[in-house]
Each structure stands twice: as C-alpha cells, then as structure tokens.
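Asker: This is the structure I want to talk about, given as structure tokens.
The values are calculated or read from the model by the stated rules, or taken from the named source; none is laboratory data. In this text the structure is predicted, and so the values were computed from the model without any measurement. Counting neighbours? That spans all protein chains shown, and the Cβs are built from the backbone with ideal geometry, glycine included. Side chains included, ligands, DNA and RNA excluded: accessible areas come from the protein's heavy atoms. Shrake-Rupley method; radii C 1.70, N 1.55, O 1.52, S 1.80 Å.
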Amino acid sequence: RNMEDYGLFLALLGSALLVGFVSVVFSLVWVFNYREGLGWDGGSAEFNWHPVLIVTGFVFIQGIAIIVYRLPWTWKCSKLLMKFIHAGLNTIAMILAIVSMVAVFDYHNARSIPNMYSLHSWIGLTAVIFYSLQLFLGFAIFLLPFAPVPLRAALMPIHVYSGLLIFVAVIASALMGITEKLLFALNSTVYSTSPPEAIFVNCLGLLIVIFGALILWMASRPHWKRPAEENAKVQRPKGGAPEGTEAESTMTDGSNADKSDVGFNSEAARKRNFKLDEAGQRSTM
Ligand code: HEM
Ligand code: HEM
C-alpha cells in the first residue's frame with residue numbers, strides 16, 4: 001500500500017516536472033516562432049518577456065516551491081534546510097514576476113497604452129502583491145527565530161491556504177492573459193479561424209491548467225505531507241486532525257537536535273502521521 005503510494009507520488013511528480021518544463025518551452029516557442037522574440041526596446045519583444053517570465057517563474061518555479069516539502073527523500077534533511085529551499089525558490093519566482101511586471105508596464109508606457117484597465121491586470125497585480133506579502137510573512141514568521149511557536153502554529157493553516165489560493169489566482173490570470181494576447185495579436189476574425197498560433201497557445205493554456213491540477217493534488221494529500229518532527233514540544237490537538245502536525249512542523253530550533261537517528265525517526269513519524277491522518281479523515285466523514 002505504501003510502496004504503491006510512493007510510486008503514484010513519483011508518477012505525479014514526474015508528470016508535473018514534464019508538463020511544467022514543456023509549458024516553459026511552449027512559451028519560448030510562442031514568442032520566437034510566432035512573435036517578435038525577446039528584447040528590451042519598448043516594443044513587442046519587450047512585452048514578450050511578460051508571458052515567458054510568468055510561465056517560468058510564477059507558474060513553474062512557484063509550483064515546485066509549493067511541493068518541495070513533500071519530496072520523500074528530503075524528509076531526512078533538516079526542516080531548516082527545506083525552509084531555505086522553499087523560501088529560495090519562492091524568492092526566485094518573485095524576482096521573475098517583478099521583472100515581468102516591469103516589462104509589461106514599460107512596454108505600455110513606451111507605447112502610451114493605458115495601464116491596469118483589464119480584469120487580467122487586476123487579478124494579476126493583486127496576486128503579485130499578496131505573493132510578496134506571503135513571502136515577507138513566511139520569512140518573518142517561519143524562518144527567522146523570533147515568532148513564538150503558538151503564533152507559528154496559528155498562522156500555518158493560513159499560510160498554506162493563502163499560498164494555494166495565490167497559486168490558483170496566478171493560473172487564472174495567466175489564462176486570461178493568454179486569451180487577451182491572442183485577441184490583440186491576431187484580432188478576433190483571424191482568431192476564430194483557429195490558426196496554428198492560436199491552437200498552439202491554447203495548448204499552452206491547457207498545459208498550465210494540468211500543471212496546476214497536478215501540484216494542487218500533490219499538495220493536498222494529507223499522507224504525503226512531511227512528517228512532523230520527532231521531538232517537537234507542541235501538543236497535538238485532540239482528535240489528531242491533519243492540521244495538528246503543522247504546529248510541530250513549524251519548529252525551527254531544537255527540532256533537529258538528534259539528527260543521528262533521524263532516518264529511523266522520520267520513517268516512524270511518517271507512519272504515525274499517516275495513521276493519524278487516516279483517522280482524522282474518517283472522523284470528519
Ligand atoms: C498586462 C500581470 C500573465 C498577457 C498585465 C498587467 C499586469 C499583468 C499587472 C497590466 C500592465 C499595465 O497595465 O501596464 C500578470 C500576471 C500574470 C500575467 C500577474 C501571472 C499569471 C500573463 C500571461 C500573458 C499575459 C501568461 C500571456 C501573453 C498580458 C497582456 C497584457 C498584460 C496582453 C496587456 C493588456 C492588459 O493590460 O491586460 N499583466 N500577467 N499576462 N498581460 Fe499579464
Ligand atoms: C508550507 C506556499 C513562503 C515556510 C507551504 C505550503 C504552501 C506554501 C502552499 C503548503 C505545502 C505543503 O502542504 O506541503 C508559500 C508561498 C510562499 C511561501 C506561495 C511565497 C510567496 C514561505 C517562506 C517560508 C515558508 C518565505 C519561510 C521559511 C513554510 C513552512 C511550511 C510551508 C514552514 C510548512 C511545511 C510543512 O508542512 O512541513 N508554503 N510559502 N513559506 N511554508 Fe510556505
């Protein structure tokens with residue numbers, strides 16, 4: 001049962017990496033094969049950085065950042081190291097998203113095109129603002145050693161929920177952006193004849209949806225969660241709900257004190273976690 005499950009996780013992870021990578025390739029083929037390529041000249045080539053950096057950073061890298069804690073072979077690594085990887089990948093995604101914003105605003109200003117008129121831009125900019133807030137609060141509360149454990153425990157479910165919500169909003173915004181760009185670039189009469197570019201870029205949109213679906217599935221299975229640290233001092237709430245483990249898993253200090261037998265411990269913890277999650281699920285049915 002467990003081995004089967006591990007195989008399924010690997011299959012989903014492999015699919016997500018493949019679909020995500022192909023999405024990045026599609027965005028590059030789009031701008032180089034059908035559009036004006038990439039440049040920084042106030043023209044279309046500058047706009048083209050917008051979709052390429054969004055698909056690479058805000059969709060692909062953010063998606064991977066969301067599931068790094070769930071890679072089973074990292075469960076023997078310290079929680080602190082995994083926090084650096086999670087925070088680092090999210091920081092890279094943030095930087096690419098900001099450069100992509102600069103590209104599109106700069107292009108609009110150079111061409112005297114109005115700013116912030118579309119639903120796409122409203123949802124998109126809102127996602128960027130909340131993403132930067134999420135990143136800042138993540139650093140301040142879960143990485144720096146100042147926040148007390150009860151505060152970490154209270155904020156973890158919100159962190160997970162807002163992280164997933166932002167990721168979904170980014171995908172929704174990307175789909176709107178793709179549709180807008182096709183309408184602008186092809187104009188609606190050509191678009192409605194399904195030219196190769198439109199079919200190709202519609203497929204990019206499908207790939208992004210599939211990528212998001214895979215990430216959300218992996219990130220929402222309770223039994224694929226990183227096991228709680230063995231010697232964390234936080235009490236599990238009564239009933240052993242899956243959220244209970246997050247209180248413990250937000251610990252930075254002291255939780256990796258006995259690394260010598262952490263391999264054994266994390267295996268035991270994973271099994272315990274799995275049982276508790278199953279019990280938790282049953283009790284809420
Ligand atoms: C414009 C954000 C993805 C196409 C904009 C603007 C923002 C934005 C804030 C307004 C710029 C201005 O008013 O000067 C985002 C975010 C995305 C995203 C956060 C992440 C999902 C995409 C994608 C495309 C795209 C994948 C596909 C080509 C466009 C187009 C415009 C634009 C055509 C100009 C028209 C408009 O302002 O709506 N984007 N975008 N966007 N974006 Fe995106
Ligand atoms: C977990 C999103 C930044 C610390 C998560 C999860 C998501 C997420 C969706 C749930 C993952 C899971 O259930 O396996 C984000 C986003 C961020 C961000 C979108 C940036 C905008 C940060 C930062 C830190 C951090 C900067 C600081 C180290 C954590 C911790 C967990 C977590 C400790 C719990 C992992 C576990 O359950 O073992 N994050 N996060 N996050 N995040 Fe973040």
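Asker: Expressed as a rounded percentage, what relative contact order does region 1-81 have, with Cα pairs under 8 Å and six or more residues apart? All intermediate terms of the calculation are to be shown ahead of the outcome.
Answerer: Numbers: 31 pairs, mean separation 16.5, N = 81.
20 percent.
Asker: Can I ask one more? Select from Phe105, Thr91, Val19 the residue farthest towards the positive end of the dipole of region 1-160; place +1 on Cβ of Lys and Arg, -1 on Cβ of Asp and Glu, and compute about the Cα centre.
Answerer: Thr91
Asker: With a 1.4 Å probe and all protein chains kept in place, how do Phe32, Phe105, Phe200 rank by accessible area, largest first?
Answerer: Values: Phe32 125, Phe105 65, Phe200 40 Å².
From most exposed to least exposed: Phe32, Phe105, Phe200.
Asker: Of Leu10, Leu53, Gly42, which is farthest along the charge dipole of region 1-73 in the positive direction, counting Lys and Arg as +1 and Asp and Glu as -1 at C-beta?
Answerer: The one lying farthest along the dipole's positive direction is Leu10.
Asker: Viscosity 1.567 mPa s, temperature 4 °C: Stokes-Einstein D of region 62-218 from its Kirkwood Cα radius, in µm² per second? Mind showing how you got there, number by number?
Answerer: Details: Rh = 17.8 Å.
D = 73 µm²/s.
Asker: Within region 43-99, what whole-number % of the accessible surface is contributed by carbon and sulfur, with the 1.4 Å probe and all protein chains included in the calculation? Walk me through the numbers on the way to the answer.
Answerer: Details: 1620 of 1870 Å².
Carbon plus sulfur share of accessible area: 86 percent.
Asker: May I pose another question? Assign one of three labels to region 1-152, namely rounded, prolate or oblate, based on the Cα gyration tensor with a ≥ b ≥ c the square roots of its eigenvalues; rounded applies when a/c is under 1.5, prolate when it is not and a/b is larger than b/c, and oblate otherwise. Write out the running numbers ahead of the final one.
Answerer: Details: a/c = 2.92, a/b = 1.51, b/c = 1.94.
Verdict is oblate for region 1-152.
Asker: Additional query: I'd like to check one number: the per residue accessible area of region 112-190, probe 1.4 Å, reported in Å² as a whole number. Before the final figure, lay out each step's value.
Answerer: Numbers: 4310 Å² over 79 residues.
Using a 1.4 Å probe on heavy atoms only, each residue of region 112-190 averages 55 Å².
Asker: Write down the accessible area per residue of region 1-93 in Å², having rolled a 1.4 Å probe over the full set of protein chains. Spell out each step's value before the answer.
Answerer: On the way: 4020 Å² over 93 residues.
The answer is 43 Å² per residue.
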